[in-house]
Amino acid sequence: MDKLVIKGGRRLSGSITASGSKNTSLPIIAATLLTGDGAFTLHHIPDLKDIMTFTQLLHHLGAETTFKGNTLHVSSGNVESLQAPYELVKKMRASIYVLGPMLARFGHARVSLPGGCAFGPRPIDLHLMAMEKLGATITIQTGFIEARAKGGKLRGGHIDFPISSVGATGNALMAAVLAKGTTTISNAAAEPEIETLCKFLVAMGATIRGTGTTELEIDGSNSLKAIEFYNVFDRIEAGTLLAAAAITGGEITVNGVEPEQMKNVLKKFIHAGCSIETTKNSITLKSPDKLIATDVTAKPYPAFPTDMQAQWIALMTQADGTSHITDKVYHERFNHIPELNRLGAQIEIHKNQAIVHGPQRLSGTKVMSTDLRASASLVLAGLVAEGTTEVLRVYHLDRGYEKIETKLNSLGADIIREKYNEFE
Ligand code: EPZ
């Protein structure tokens, strides 16, 4: 198992390029299941464990994939198995994304129920509701979702999501593009990941109206074709890198980004005292002498994203004053807080709100990762903690950050990746 050994107290400076978006890669890779006509070439795909897991799943289903230098080639002509097994689905909840495309193309899909998650329940009821609205019958048996399209083909329908769900919107879109007739989706997620999925599906030949909004209309196509596509940047990685600069009192430029997609995150950095300069595809953050405590409420896009909540809490431990961070998407996404407090932070949790008292001097020690963004917040804290911080179980981090220590070290951090045996 790997750990990151971080020597704190080094100010970050310089420039770095963001990797491709993990949360866009996963649905567009799933969408390659929609057609056996041709081979896909997907560029700017991050080299992450979650991507490897997803390509393993595609292999299991019969697709051919090769991945080299952030370009993924996929051919789904020979897909025959329609079962996504527990062994793979348990590794990554996003495996549920194969449900919509398999049901749309083959009229049948059998997907293991995803496992739990470190930060509370993550149901899939909205995914199943969407499939049923498109004419699928769903049964759950022996831990599997058994989905069949009545008459062998999905038909258009109206899906009205009671809450905004990125995954369920993605599945609904991938099911609707091959359904017979027109589908409307109300209260669709409008995250950039979904906007990019819509553009990907349209490039494949789908007809989608309302891209980028919460009201989508899809005319089912008879067939779609494989394409070459350039993935967008990872807005959460970019935000995490900016937080790394801010927490160390540094100044960095992140390239290859679309500042427009990070508007509300950048606003919060400015409220916290940072200066932010943007060009069409870069963001420069300059830290203030003193960070200002800044409240944040995580909500669906375009609000401040829940995937930046843990990183913001780490940053606020160094801000002057008390800040309130509320997560309205995942009410229990606070596993990072006990570990941050072990580093010397003073954070309380009240229901789905963290109250951070700052500034607090942090001192390095061993801390345990529990989930992807929690581990990112521990790395950020380690960058500013006195002495050495050891972040254990960094397999959580490797799910969503491509060579994070290489990136941070290129900006002046001192991080070494080491093997360790947890039972020593
Ligand atoms: C996506 O997860 C992201 N993952 C998550 O990022 C992100 O935190 C989340 O969206 C919210 O932005 C990927 O894109 C692979 P949701 P997803 O469905 O689709 C509830 C990361 O760190 N809900 O938008 O699973 C759910 O419990 C990961 O990169 C239902 O009730 O999230 C939550 O409260 C973590 N029923 C809310 O909706 C459902 O059927 C939003 O979840 C589905 C969701």
Share of alpha-carbon pairs per 20 Å distance bin for the chain, given as whole %: 27, 55, 18, 0
Taking the Cα atoms of the stretch 110-207 alone, what are Rg (to one decimal) and Dmax (as a whole number) in Å? 13.7, 39
Charge dipole magnitude, Cβ of K and R +1, D and E -1 - the chain, Cα centre, debye nearest 20: 280 debye
Can you compute the helix-only [θ] at 222 nm over the chain? Use -39500 (n - 2.57) per DSSP H run of at least 4 residues, normalise by all residues, nearest 500 deg cm²/dmol. -8500 deg cm²/dmol
What is the distance in Å between the Cα centres of the stretch 122-172 and the stretch 316-393? 37 Å
The chain: relative contact order as a whole-number percent, Cα under 8 Å and 6+ apart: 21 percent
Which residues' amide hydrogens lie under 5 Å from the amide hydrogen of K366, considering only partners 5 or more residues apart or on another chain, with H built in the peptide plane? E390
How many percent of the accessible area of the chain is carbon or sulfur, using a 1.4 Å probe? 50 percent
The computed P(r) of the stretch 238-289 puts the percent of Cα pairs beyond 14 Å at 40 percent
Percent of all Cα-Cα pairs per 5 Å bin for the stretch 210-351, counting from 0 up to the last occupied bin, reads 2, 9, 17, 19, 18, 12, 9, 6, 4, 3, 2, 0
Spelling it out for V257: with amide H atoms placed in the peptide plane at 1.01 Å from N, the residues 5 or more places away or on another chain with amide H under 5 Å from its amide H are S282
Global form of the stretch 265-424, assessed from the alpha-carbon gyration tensor, a/c cut-off 1.5: rounded
Within the chain, what percent of beta bridges assigned by DSSP are antiparallel, to the nearest 5? 70 percent
Using the alpha-carbon atoms, what tilt in degrees (0 to 90, nearest 10) does helix 192-203 show relative to the longest principal axis of the chain? 30 degrees
Of K68/K225; K299/K403; K150/K180; K3/K366; K3/K68; K150/K225, those spanning more than 20 Å from alpha-carbon to alpha-carbon: K68/K225; K299/K403; K3/K68; K150/K225
In Å³ per residue, the alpha-carbon convex hull of the stretch 29-116 encloses 78 Å³
Under 16 Å Cα to Cα from K91, which lysines show up? Leave out anything in the same chain fewer than 8 places away. K22, K49
Based on the mean of other Cβ atoms within 10 Å per residue, sort peptides 133-142, 85-94, 390-399 so the most packed one is first. 390-399, 85-94, 133-142
Which percentage, to the nearest 5, of the DSSP beta bridges contained in the stretch 247-343 is antiparallel? 60 percent
Beta bridge orientation in the stretch 53-185: antiparallel %, DSSP, nearest 5: 75 percent
Mean projected area, convex hull of alpha-carbon positions in the stretch 301-395, reported to one decimal in nm², is 5.6 nm²
Neighbour net charge for S81 - beta-carbon separation under 15 angstrom, K R +1, D E -1: -2
So how far apart, in nm, are the two label points at I292 and E277 if each is 7 Å from Cα heading toward Cβ? 2.1 nm
Globularity index of the stretch 1-150, i.e. its alpha-carbon radius of gyration over 2.2 N^0.38 Å: 1.20
Cross-link reach list, aspartates and glutamates versus K7, counting only Cα pairs under 19 Å and skipping chain neighbours closer than eight places: E251, E339, E386, E390, E405, D414, E418
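The values are calculated or read from the model by the stated rules, or taken from the named source; none is laboratory data. In this text, all values refer to a predicted model and were calculated from it rather than measured experimentally. Neighbour counts run over all protein chains shown; Cβ positions are idealised from the backbone, glycine included. In case anyone asks, the SASA skips ligands and DNA or RNA and just uses the protein heavy atoms, side chains included. Shrake-Rupley method; radii C 1.70, N 1.55, O 1.52, S 1.80 Å.
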